[in-house]
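Notes follow the structure.
The values are calculated or read from the model by the stated rules, or taken from the named source; none is laboratory data. Not measured: the values here are computed from a predicted model. Ideal geometry is used to build each Cβ from the backbone, glycine not excepted, and the neighbour counts take in all protein chains shown. What goes into the accessible areas is simple: the full protein's heavy atoms, side chains included, and nothing from ligands, DNA or RNA. Shrake-Rupley method; radii C 1.70, N 1.55, O 1.52, S 1.80 Å.
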Amino acid sequence: MEQQHKRRVRYAGTHPKKFSEKYKELNPEKYADTVAKVIAKGSTPAGMHIPIMVEEILDFLQIRPGQQGLDATLGYGGHAGRMLQCLHGQGHLYALDADPIESVKTKERLGRQGFGEDILTVRLMNFADVDRLTAEVGKFDFVLADLGLSSMQIDNPERGFSFKVDGPLDLRLNPLKGQSAAQRLQEVDRYELAGMLVENADEPYAEEIAGRIISALRKGKKIETTGQLKDIIAETLAFLPEKERKEAVKKSCQRTFQALRIDVNQEYEVLEAFMDKLPGALLSGGRAAILTFHSGEDRIVKKAFQRFCREGIYEEVARDVIRPSAAECAANSRAHSTKLRWAVKA
């Protein structure tokens, strides 16, 4: 029976305003011409994610047909798709993701590319629980963890990861678990919040921003949306000279949202647990590659690799970070802060 054509939802005006109406952002792979134009300008098309340092990762992992591997942070599936290609239909890739919304879409997307359950298994699981998976399926020849936030999470205002469009101040990778960022702000004091902004994001105006947020909340002002938090930060930095204020507000918003996201999702604790369990998930000679995006993450990865290397658990680790090429940074602005570290199991 021929499938009936389904019209997309109509929207008011000449362009869709709500994310739920933006048909290209919701299904970017259907609009190849638009995607190509956006990428050519050095931007990431809304609703999708461009994988970073793919060739460098594949060069290190040395994936061969018949191996068993793990993508510990599936995301949009760009890295997973390339790793699956390297298996040439032989072996298996397991993939983890804590996001119940995007992981389903990615599994379907990879399935349409020909990667079915015979070669790919997707689990809704935080990578801190990698030992549970290893106990069930065995150890891995290669492991990749990309610690960056996926672009499609940032682009959806309902997830609350970006201050560019107003939405609920959520910031949870799994919106079905734990506290939202708005709820978290209700229970911290000024000193804890300032410490969070420094430790998680190196925010230079941490004391001022924390003081303004807590003062506003105590006076009954609501900070439940991304726009409300952005406005508070802008008010805090109103003392800066006008010519530098706009950029300073943008940077402080980025750092504040990052700090809250790390706290809400307990990202440092989760990463430390994963790094402690990673050696036990690798076969002898197994290779692990980790992509980090800020100094806090990189310190945890570096120290764990070095500690296990000193103990003889890893036979070799990266002495220096590997950075994306200038060409990749020019083509993808989100690659600029990326660092790649690797280790080989003894």
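At-a-glance table
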{"item": "Unit Cα scatterers, Debye sum, segment 98-153: log10 I(q)/I(0) for q = 0.13, 0.18, 0.25, 0.29 Å⁻¹", "result": "-0.39, -0.78, -1.31, -1.33"}
{"item": "Gyration tensor over alpha-carbon atoms, segment 54-193, equivalent ellipsoid semi-axes in Å", "result": "32, 16, 13"}
{"item": "FRET efficiency, 1/(1 + (r/R0)^6) with R0 30 Å, evaluated for residue 337 and residue 64 via beta carbons", "result": "0.45"}
{"item": "Dipole of segment 70-116 [Lys/Arg +1, Asp/Glu -1 at C-beta], most positive-end residue of 114, 93, 75", "result": "114"}
{"item": "Label-to-label distance, nm, for residues given as residue 199 and residue 246 (7 Å Cα→Cβ offset)", "result": "3.6 nm"}
{"item": "Taking the convex hull of Cα positions in segment 196-346, its mean projected area over all directions (nm²)", "result": "11.5 nm²"}
{"item": "Local net charge near residue 100, Cβ-Cβ under 14 Å (Lys/Arg +1, Asp/Glu -1)", "result": "0"}
{"item": "Volume per residue of the C-alpha convex hull in segment 184-285, rounded to whole Å³", "result": "121 Å³"}
{"item": "Extension gain (nm, one decimal) between residue 164 and residue 192, 0.36 nm per residue minus Cα-Cα", "result": "7.5 nm"}
{"item": "Segment 247-346 - accessible surface per residue (Å², probe 1.4 Å)", "result": "44 Å²"}
{"item": "Exceeding the 28 Å Cα-Cα cut-off - candidates 246/302; 139/302; 164/303; 250/277; 222/251", "result": "246/302; 164/303; 250/277"}
{"item": "Sorted peptide list for 85-95, 323-333, criterion being average Cβ within 10 angstrom, highest first", "result": "85-95, 323-333"}
{"item": "Debye intensity ratio in log₁₀ form over the Cα atoms of segment 292-341, taken at each q of 0.17, 0.23, 0.25, 0.27 Å⁻¹", "result": "-0.56, -0.81, -0.89, -0.96"}
{"item": "Highest average packing first - 50-56, 243-249, 255-261, Cβ atoms within 10 Å", "result": "255-261, 50-56, 243-249"}
{"item": "Top positive-direction residue, dipole computed over segment 106-233 with Cβ charges, set 233, 201, 127", "result": "233"}
